[in-house]
1. So for the range 78-154, Kirkwood radius off the Cα pairs, Stokes-Einstein at 37 °C and 0.692 mPa s: how many µm² s⁻¹?
2. Calculate, in whole percent, how much of the Cα-Cα pair population of the range 111-223 lies beyond 20 Å.
3. At a Förster distance of 22 Å, what's the computed FRET efficiency of E131 paired with N214, Cβ-Cβ distance as r, to 0.05?
Amino acid sequence: MDTVIKKILQALTIQISMSSASTPAERSMIDSSIRKLNTGIPYNQQTDSNTQDHGVAKAIASLVLPSSENTQRRKKKTVNALLRFCLHEHNKARAVSLGLVPILMELLKDSQSGMQDEVIAIQSILSTHWEWNFALGNKDHREVVPILVEAIGSGSSSSKENAAAVLVALCSRDQKYLVEAKEHGVAEKLMDLQDHGTDKGKIIAKVLMSDIYNKIDVKALQS
């Protein structure tokens, strides 16, 4: 992560999270950033990428605001805007480098946020970027595994596919996530995705099922 950008994000996060409610000036600043994100314009089409980085950092930092009715609505707008922003290939690297990945992991754990589908969708997009693994850091993320497994079993068609994609990326990082997923009954849900999912969903489910068999079941038989 760029040192300057990292410092901006850390400063904004500390500044915003220390307040129980953002000031009118902060709300205006965040709303302005959200409007820019909603355009979804890739960075290589922007005249000032540093300014845009600062705006995206402000929007990302707003996601750590203490929850209230107003901040929750703003967070949802921000997440939706970030989803559109990340759809552009060139924007993935900036979103990852600005610290979005670990913040989304924390949001994913909040079952009351009403944003889990959108958060999983963004993580699915960003997980295809080579820096995604590094962005997760050394923290143990097993807490999100049952959430992803549940989404594979009961989410919408797109959510099932996105959750499976994130789980594949997570399990490729460390086999402990694969073991955790199996313990939470992911195999049965993957079989359903293989039978009724989209072509892409079927491929993802097949990859994950293969990993469970080859990396867990076969090893268990050999031991």
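1. On the way: Rh = 12.7 Å.
My calculation gives 259 µm²/s for D.
2. On the way: 2297 of 6328 pairs.
Tail of P(r) above 20 Å: 36 percent of Cα pairs.
3. Working: r = 27 Å, r/R0 = 1.22.
Efficiency at R0 = 22 Å is approximately 0.25.
Rule-based calculations on the coordinates, nothing more; no lab input. Bear in mind that the values here come from a model prediction, so they are computed numbers and not experimental data. When we count neighbours, we look across all protein chains shown, and the Cβ atoms used for this are built from the backbone with ideal geometry, even at glycine.
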